[in-house]
Amino acid sequence: MSALQIIAAVLTLAITAAGIAFAVPAVMSIVGGFRLGQPENRFDHKLERTKTLIREFLGHTRMSRLPIVAVAHWFTMISFIVLSLAVLASYFQIWDPTFVLPIIGHFVLFEWVTEVLGWGGLIGIVWLIWNRRKNHPARSAGRDGRRSRFFGSTFWQAYFVEIVILIEIICVLVLRGLEYAIAKDEGESTANALHFPLTFWYGNGFHALDVDTVKSLIVVISAIKIITAMTWLIVISRNVTMGVAWHRFLAFFNIFFKRHADGRTSLGALQPMEVDGKPVTMELLEELDEDASFGVGNVEEFTWKGLLDFSTCTECGRCQSQCPAWNTDKPLSPKLLMMTLRDHAHAKAPYLEAAAKAGGTGPATPDNPISEIPLIGATGYDEQAALTAYNPLGDADAIVDEDVLWSCTTCGACVEQCPVDIEHVDHIVDMRRYQTLIESAFPSELGGLFKNLEGKQNPWGMAARARLDWAKGLPFEVKVFGQDVESLTEVDYLFWVGCAGAYEDRAKKTTRAVAELLDTAGVSFAVLGDGEACTGDPARRAGNEMLFQALASQNVETLKEAGATKIVVTCAHCFNTLKNEYPQLGGDYEVVHHTQLLNRLVREKKLVPVARPDEAETSNIASTAPTVTYHDPCYLGRHNGVYAPPRELIGSLPGVELREMERSGMTSFCCGAGGARMWMEEKLGTRINLNRTKEAVATGADRIAIGCPFCRVMLTDGLTAEQSDGNAREDVEVVDVANMLLAAVKRGGK
């Protein structure tokens, strides 16, 4: 054994021992931190969860939102795993440079996989490094480059991880060439292109060196590979909040424990608020102690899955790049929020663990300053410096500024984009619940909303008797449950009008259009009239779970009494709540959005759009034009995956051209009304609805089609502003898809 081998062996064994010594307590620290969270059952349907994990892992289904990145990351990730065997082989190659792994070492398939992944991984990691540099904040738009999805990410950590991977892959490829040279020198039958398909060409160059030199190079490269790997392990062990590194391990668990075992995105229904592990219901509220706490007011009140979410964040910024709040210069970045909660949880963990060991008494306040700082509050941040709204180590009067929390529209873009299945919206609403129910610290505008919902069961505070005003003047009778029908089993559908559809003038046009279309198609329906109340969507997303429970329980009881089984709705928010959240209270119904039902009726030829836009006049509630762009409502599209029916409806209209906006479908931009933002003033940054309206106007379309009354209000207001400023034509109009269909059907019937 040469002196070089002895030195290499000592160095590699020493650094390996150090790596293990650092890694073990690091893993224990991470796992211990998760145990500080509240209990949550995510251990059901293990087989289905395993299938989902394998599908997302090998198929990179969540990464595919950015296809080129997905391919590069796939090769990098798989090579990181498979080429770990090369690190194992290197320990033996230091002692014996001719060593190959037993059984698989000369297995042709393994050698091909190794080399394909090696070159694929090399190209992938180089591209990822280049992509990070290309999209660096220094090269991006916005103040301080905030339009970069990497704004706020910890760059040294990302570059460190990427450079380590680059070094490891280069070492593997160089070793393959050296191994070819050794095999050829010793006359091995494996010294050919079959066993070294992508490395033999430069392996021939190494063969020109003498054997001892080649063996020495193998020892040196093997040592470099091991030292690099162990340096990486030591660094990440000393930085347990290094999500860009630890996600390589934690992502498997986060995907396995995602909310839906079948792999569905964690959107749609919000997770129920729980107390002592039990979902809060009206019945449970009567049994709770007066000092019971609701929502999340401290980081340890998140569930263990929430804490796992925070630690798994890779800081890739996909959520940030899609967030409507961040893109309109508000302080909310889903990425920065997850990073802050991760770092804060880690900083607070030692105190919590000490308190647990001390039986709950914990250290004295002077030794535990971070626990005295509220999770959400006024930080006094600089609006021009968004990062100052986040203070994970307690360097301000709150960990996260309240403006961060209340800027969220709950559109779900962050959840839909996240490659590791973090459930941002649930965590944000949980924090809102604490602020609303315990601290009574919510935007002043929400006080009026809550009062109207409590007193009048609708956000506008209108009288219940006015809920049927929209039906006045229709050429047919609208049946009302309790007056015209005794049970909803007598009709095909309950038409859930919704508060906007009943009270908001622009939304009333959609309500009337849908009613006319259903009547034309021979579909019988009835409404609840003054028996209908708000579904509770704005209350729940504003954090007022108590009010939601009261409204929802009342509606479920009404629907049960009415015998409702099939419901059609025009509001995307009502659709989501009735379909996904009422089952939490025992209300299970077949709920369809009006675009789904109308599209089905067109396919069945019960509605026949035959007239072109220029063939007849339109009525007050029917409107169409030659060109249209469609805006996807967040609670119809992302939250429920309904993208095709509205487009198919538009496609069925003769002479109408659909012009898609750049951000459409999964990447559609929010109108700004979700998460109870419909009733809050936009005081920070620029207006979300204007951002979206500008994009719609830029298509040059004559009509901006929508499928939700909230979107109609927001985009109409945005369009009015653009028209006032001379940035949009006066003849452009915001209409529901149903209004366009009615125009074609009515004119075709003349």
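The values are calculated or read from the model by the stated rules, or taken from the named source; none is laboratory data. Quick caveat, the model's predicted, so the values are computed rather than measured. No Cβ is skipped: glycine too gets one built from the backbone with ideal geometry, and neighbour counts run over all protein chains shown. Only protein heavy atoms, including side chains, enter the accessible area calculation; ligands, DNA and RNA are left aside. Shrake-Rupley method; radii C 1.70, N 1.55, O 1.52, S 1.80 Å.
Some points to look at:
- Seen against the Cα atoms of the chain and their longest principal axis, helix 688-698 is set at about 90 degrees.
- Segment 343-500 - percent relative contact order, Cα under 8 Å, separation 6 or more: 12 percent
- Counting only alpha carbon atoms, the long axis of helix 84-95 and the longest principal axis of the chain meet at about 10°.
- Of Lys472/Lys694; Lys46/Lys305; Lys258/Lys330; Lys258/Lys335, pairs whose Cα-Cα distance is over 27 Å: Lys472/Lys694; Lys258/Lys330
- Candidate aspartates and glutamates - alpha carbon under 13 Å from Lys225, same-chain residues fewer than 8 apart omitted: Glu168
- The chain: relative contact order as a whole-number percent, Cα under 8 Å and 6+ apart: 12 percent
- Carbon plus sulfur fraction of accessible area for segment 232-292, probe 1.4 Å, in percent: 49 percent
- Structure-derived Rg and Dmax of the Cα atoms in Å - corresponding label in (1) 36.9, 112; (2) 26.6, 83; (3) 30.2, 99: (3)
- Annotation note: GluC sites (Glu not before Pro) in segment 680-742 located in DSSP loop regions with a Cβ neighbour count of at most 13 within 10 Å are Glu681, Glu730.
- The residues of the chain expose, per residue, 40 Å² of accessible area to a 1.4 Å probe.
- Spatially, segment 96-140 and segment 402-447 are offset by 40 Å when compared through their Cα centroids.
- Calculated FRET efficiency for the pair Arg143/Leu109, C-beta based, R₀ 56 Å, to 0.05: 0.60
- Per-peptide packing, taken as the mean over residues of other Cβ atoms within 10 Å, places 540-546, 338-344, 584-590 in the sequence 540-546, 338-344, 584-590 from highest down.
- Computed [θ] at 222 nm, helices only, for the chain once each DSSP H run of length n ≥ 4 contributes -39500 (n - 2.57): -16000 deg cm²/dmol
- 0 to 90° range, to nearest 10: angle between helix 444-456 axis and the chain longest Cα axis: 50 degrees
- For Glu657, nonlocal amide neighbours, meaning residues 5 or more places apart or on other chains whose placed amide H falls under 5 Å from its own, are Thr627, Val628.
- Per-peptide packing, taken as the mean over residues of other Cβ atoms within 10 Å, places 564-574, 30-40 in the sequence 564-574, 30-40 from highest down.
- Length-normalised contact order of segment 402-477 in % [C-alpha pairs under 8 Å, at least 6 apart]: 16 percent
- Sulfur and carbon atoms: percent of accessible area, segment 637-701 [1.4 Å]: 51 percent
- What a 1.4 Å probe finds exposed on segment 129-210 is 60% carbon and sulfur by accessible area, rounded to a whole percent.
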